[in-house]
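A short reminder: the numbers here are calculations on the coordinates, not readings from a lab. The model shown is predicted, which means the values in this text are computed figures rather than measured ones. Every residue, glycine as well, gets a Cβ built from its backbone with ideal geometry; the counts of neighbours run over all protein chains shown.
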């Protein structure tokens with residue numbers, strides 16, 4: 001993390017474990033001596049709305065809870081159309097994206113009010129709005145583990161493997177046990193390892 | 001900084017009964033409160049929560065508090081204005097640190113206020129200026145009142161950068177135009193709107209479906225008064241736009257109670273309140289009691305999902321665990337309602353047809369009514385009746401009177417409240433009640 005401040009957006013749909021992911025990332029970085037500020041837009045967190053957390057990381061000072069437009073260094077998206085939404089406002093040619101490719105259809109789409117974009121075109125757009133984009137079938141892998149919400153940890157694993165977040169298994173285990181019950185640590189570590197594998201093997 | 005061990009400080013609860021803690025009488029406590037406020041002002045004048053950073057003389061002084069301070073710091077840094085713009089952060093917004101403010105106002109001609117929501121700092125600093133204007137320079141005050149900062153919406157870094165750059169004639173390096181063009185093209189196509197919706201499987205969706213069906217069957221354009229909780233979303237499409245009001249917690253029953261009294265002015269629309277279990281325990285029980293007491297005609301639908309769902313499934317007084325996770329005696333919703341003497345039915349919203357039919361049936365039930373009560377002088381034969389003047393001598397309602405000349409009962413219109421019970425007890429049917 002050589003840029004200071006380093007601006008990270010975690011985004012997705014309410015109920016995907018967005019807020020927890022930003023808390024875990026923030027917690028890991030605080031332990032490493034960074035000053036971290038998290039600004040959350042989670043009023044609709046349980047109800048299918050767009051959710052976005054700004055994580056601002058600095059060695060020098062405590063930054064404000066929201067980043068200026070066009071200043072995201074990293075976008076971690078649990079849903080692809082949410083990645084596009086965030087990039088449109090906070091992206092720049094240097095932004096790196098880590099994206100779960102599984103769409104969550106808005107009720108506006110389900111009810112016929114709007115079409116969901118063609119997935120290939122959507123991923124192309126994310127790619128062209130990013131310096132580099134990592135696309136992962138994180139929900140599918142999480143479902144194999146038995147719970148789709150683990151997609152958030154799969155993405156954290158991918159961040160680690162891609163060199164975007166320095167975090168060891170032990171650090172992750174400790175921070176997960178702070179936020180969740182101890183019996184959840186093992187399954188979360190598995191999800192983390194799967195995320196690492198996916199980036200390592202390019203799947 | 002090194003933190004030492006925490007001391008094991010466990011005070012024993014004790015109320016010093018030689019003292020009285022009361023705001024009354026105001027004649028005694030009001031001067032004390034003012035003296036405390038003055039003392040607080042003196043203490044806060046020295047507080048390090050208030051601080052200035054910037055040049056000795058600045059072309060623009062930003063007076064700010066809260067998140068506005070963080071946004072301003074970032075904007076000044078990004079725009080390279082450290083030597084031109086001063087930043088006065090007020091951490092103790094009331095009472096204001098007056099001496100500090102006056103020192104800085106004496107050295108500036110332009111002030112920008114950055115604060116969330118209402119212009120509180122802006123108004124109070126301007127008032128302070130008005131008191132000292134003879135010893136201060138002319139100052140342009142810029143903020144929400146001058147239209148420099150929008151008076152609606154949230155502050156944010158983008159807004160702070162825009163306002164400060166306009167006032168100082170500076171700008172950020174332009175973003176890559178090709179990127180901006182691509183990013184701003186067809187945003188809605190790639191990011192379709194994501195309206196709020198009840199979670200899949202949420203009982204509220206079923207409840208509002210049943211309400212919608214019952215109101216359609218009823219056909220009298222019934223009005224649903226909403227309340228605070230996930231079901232507040234029923235003003236939106238996810239609840240089929242069934243709720244028509246959404247205000248403070250507990251307001252739904254209060255409004256339904258008022259609306260349920262309008263039948264005497266010719267109102268015919270059924271009045272319905274929806275309220276979640278947690279909101280009911282927290283804020284709606286007094287409104288229900290008030291509604292019953294005032295004989296308002298409304299139907300209360302308690303949408304009980306056994307949790308404070310909206311904020312994360314915290315327990316409430318209906319739960320069998322308390323806030324610390326210990327076993328606790330639950331207060332049972334339906335028992336509480338029945339104890340008030342109100343007809344209470346329990347239905348499962350997932351049995352939608354049954355729920356809808358019950359709502360419909362309960363809407364047909366006549367609520368407590370007010371009648372216009374009168375006595376038919378031809379039917380009332382007074383002492384000759386053999387009823388022993390049941391209404392006046394036995395039932396003894398003060399709304400009745402006895403005409404000693406005509407020797408018949410009468411209604412005192414000034415006193416009768418129209419409950420209509422006397423009409424039901426008169427053996428000759430001489431007391432007439434008509435819907436008011």
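A few notes on this one:
- Counting only DSSP H runs of at least 4 residues, each contributing -39500 (n - 2.57), and dividing by the residue count of chain B, the helix-based mean residue ellipticity at 222 nm comes to -9500 deg cm²/dmol.
- In terms of surrounding Cβ atoms within a 10 Å radius of their Cβ, B:235, B:56, B:149 rank from fewest to most as B:56, B:235, B:149.
- Across the range A:123-168, Cα-Cα pairs farther apart than 12 Å form 64% of the total.
- Cα convex hull volume per residue for chain B (Å³): 324 Å³
- Expressed per residue, the C-alpha convex hull volume of the range B:250-402 stands at 173 Å³.
- The Rg/Rh ratio for the range A:1-69, using Cα coordinates for both the radius of gyration and the Kirkwood hydrodynamic radius, is 0.99.
- Going from the fewest other Cβ atoms within 10 Å to the most, the residues B:100, B:324, B:249 appear in the order B:324, B:249, B:100.
- Within chain A, helix-based [θ] at 222 nm, where runs of 4 or more DSSP H residues each add -39,500 (n - 2.57), nearest 500: -12500 deg cm²/dmol
- Helix axis angle, B:120-131 relative to chain B longest principal axis, alpha carbon, degrees: 70 degrees
- Three-way shape call for the range B:203-330 based on the alpha-carbon gyration tensor, with the a/c threshold at 1.5: oblate
- P(r) tail for the range A:63-112: Cα pairs beyond 17 Å make up 42% of the total.
- Rounded to whole Å, the principal axis extents of the Cα atoms in the protein assembly as shown read 106, 73, 56, largest first.
- Here each label is just a point 7 Å from Cα along the line to Cβ, and for residue B:405 and residue B:123 those points are 6.4 nm apart.
- Calculated FRET efficiency for the pair residue B:372/residue B:116, C-beta based, R₀ 45 Å, to 0.05: 0.25
- Structure remark: mean-square fluctuation, Gaussian network model of chain B, C-alpha springs under 10 Å; the largest value among B:225, B:198, B:265 belongs to B:265.
- Choice from B:214, B:40, B:206 with maximal GNM fluctuation in chain B (Cα, 10 Å cutoff): B:40
- In this structure, residue B:106 and residue A:168 have a Cβ-Cβ separation that, at R0 = 56 Å, corresponds to a calculated FRET efficiency of about 0.50.
- Residue B:22/residue B:322 FRET efficiency (R0 30 Å; Cβ-Cβ; nearest 0.05): 0.50
- Available extension along the chain between residue B:435 and residue B:176 is 85.8 nm, counting 0.36 nm per residue and deducting the alpha carbon span.
- Taking a ≥ b ≥ c as the square roots of the eigenvalues of the alpha carbon gyration tensor, chain A is rounded, as a/c is under 1.5.
- Most mobile listed residue (B:373, B:274, B:405) in chain B, GNM with C-alpha springs under 10 Å: B:405
- Neighbour counts of C-beta atoms inside 10 Å place B:302, A:172, B:333 in the sequence B:333, B:302, A:172, starting with the fewest.
- Where both bridge residues fall in chain B, DSSP classifies roughly 40% of the beta bridges as antiparallel.
- Gyration tensor verdict on the range B:1-147 (Cα atoms; rounded if a/c is under 1.5, prolate if a/b is larger than b/c, oblate otherwise): oblate
- Extension reserve of the residue B:353-residue B:412 stretch, reckoned as 0.36 nm per residue once the Cα distance is removed: 16.4 nm
- Peptide A:59-71 - average C-beta neighbours from other chains (10 Å radius): 6
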